[in-house]
Amino acid sequence: MNKSLNVQKNLIIFGIPLSIIGIMVLITKLPAFNANPSSLSTGITFDLLLTVPLIYFLLIRKTNIPKTTVVPLLIIGVIICSLILPAENQYYLNLFKTWVLPIVELSILSFVIFNVRKALKKYKEKKTETIDFFTTLKSTCYEILPKVAVIPVVTEIAVFYYGFIHWGKVKLRDNEFTYHKDSGTVTLLIAIIFIVAIETVTIHILLAKWDITVAWILTFLSIYSGIQIFGFIKSMFKRPISIENNKLFLRYGIMNETTIDLSDIDCVEISSKDIELNNETRKLSFLGELESHNVVIRLKKENTLIGLYGIKRKYKNLVLYVDKKNEFKKQIKSHLQPCITAITEDSTTFESTRNC
């Protein structure tokens, strides 16, 4: 019964705005629109940019749907107006794009930052676990943004935050471990940035002789890629692996992460031997075979590795690099109680000493 009511409620909430949008599109196809395009274009613009978002807001204001979902609807209205209205009749649309849309975007960004700061403050007050900006940002955005928009927004904010805002040195606690100092990954990524920069200059010069617009588009994409890689590198310094609250938080910057219940760990290997990667065995590093490893974690049951833009992959064995591997294995071993798996170095088989 409740499920049926929820379906009907959702049909009303989303059906009414979509119906109005459909009617506006239909009007532009009628002969009457061609007879009087100027005044009808103005009416359609105001309906799609003001009436539809307002009606949608009134429909969701007493529901659990985030109020910020009005913004995507607003952007959809802008896109539809741009597509269906003649260019010469987009005066009010252009005014909206120039003056209103940037203010809306800045307001949403400010709202997200405010809530993230508030959440971080709560973490500091509780002091029950490590304060992680990326995790806090995700949980905050899931509360105020549509689910489909969360991961792209979080990724872009995180790249900028780690790349250009967070410069302070992270003081490691006893339960935290780095993974970037000796692996060679940072050197490889910096080399990629330099290669991209050199290639961008060369390609820009060549393309400019053919089409300057295409040249600048590709140059912008290359610069943007370089900024993202720089943000990825910086995030590796700021997001260490940690063991706390009976969980193992494995992070590879903002590129990959997974959380493992310590009770789910079957055994841990200290090994640098080659290992076949497949659907059951994966690497924490997004570079795969390009990065070495020195630790293999085998689980009792399947877990999920979350990558860039929320891409999820299942695994049962996870391969990774930890700078202080011996200290890491000792802490894992000390937490594996009452079932403790003895860990032997440089071996692919283990002797289990379970006290169950």
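The values are calculated or read from the model by the stated rules, or taken from the named source; none is laboratory data. Since the model is a prediction, treat every value here as computed from it, not as a measurement. Please note: Cβ atoms are built from the backbone with ideal geometry, for glycine as well, and neighbour counts cover all protein chains shown. In case anyone asks, the SASA skips ligands and DNA or RNA and just uses the protein heavy atoms, side chains included. Shrake-Rupley method; radii C 1.70, N 1.55, O 1.52, S 1.80 Å.
Overview of values
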| item | result |
| --- | --- |
| Using alpha-carbon coordinates, inclination of helix 37-46 to the longest axis of the chain, degrees | 40 degrees |
| Helix-only [θ]222 nm of the chain, DSSP H runs n ≥ 4, -39500 (n - 2.57) each, per residue, nearest 500 | -17000 deg cm²/dmol |
| Entries of 121/171; 121/234; 171/316; 238/283; 171/325 with Cα pairs more than 29 Å apart | 171/316 |
| Carbon/sulfur fraction of accessible area - the stretch 43-200, other protein chains in place, 1.4 Å, % | 67 percent |
| Whole-number accessible area per residue in Å² for the chain, which is evaluated in the context of all protein chains at 1.4 Å | 57 Å² |
| Prolate/oblate/rounded call for the stretch 1-124, Cα gyration tensor, a/c under 1.5 rounded | oblate |
| Under the Debye formula (equal points on every Cα, no solvent term), log10 I(q)/I(0) of the stretch 174-225 at q = 0.18, 0.19, 0.21, 0.32 Å⁻¹ | -0.63, -0.67, -0.74, -1.12 |
| Tail beyond 39 Å, pair distance distribution of the chain (Cα, percent) | 35 percent |
| Computed FRET value (nearest 0.05) for residue 176 with residue 292, which takes r as the C-beta separation and R₀ as 22 Å | 0.55 |
| Residue among 299, 68, 161 farthest towards the positive dipole end of the chain, charges placed on Cβ | 68 |
| Length released on extending from residue 261 to residue 314, taking residue separation times 0.36 nm less the Cα-Cα span | 17.6 nm |
| Cross-link table 273/324; 62/118; 273/301, entries beyond 20 Å C-alpha to C-alpha | 62/118; 273/301 |
| Reachable lysines, given that their alpha-carbon falls under 29 Å from the alpha-carbon of residue 97 and they are not under 8 places away in the same chain | 29, 67, 138, 147 |
| Computed over the chain: relative contact order in percent, which uses C-alpha pairs under 8 Å that are six or more apart | 12 percent |
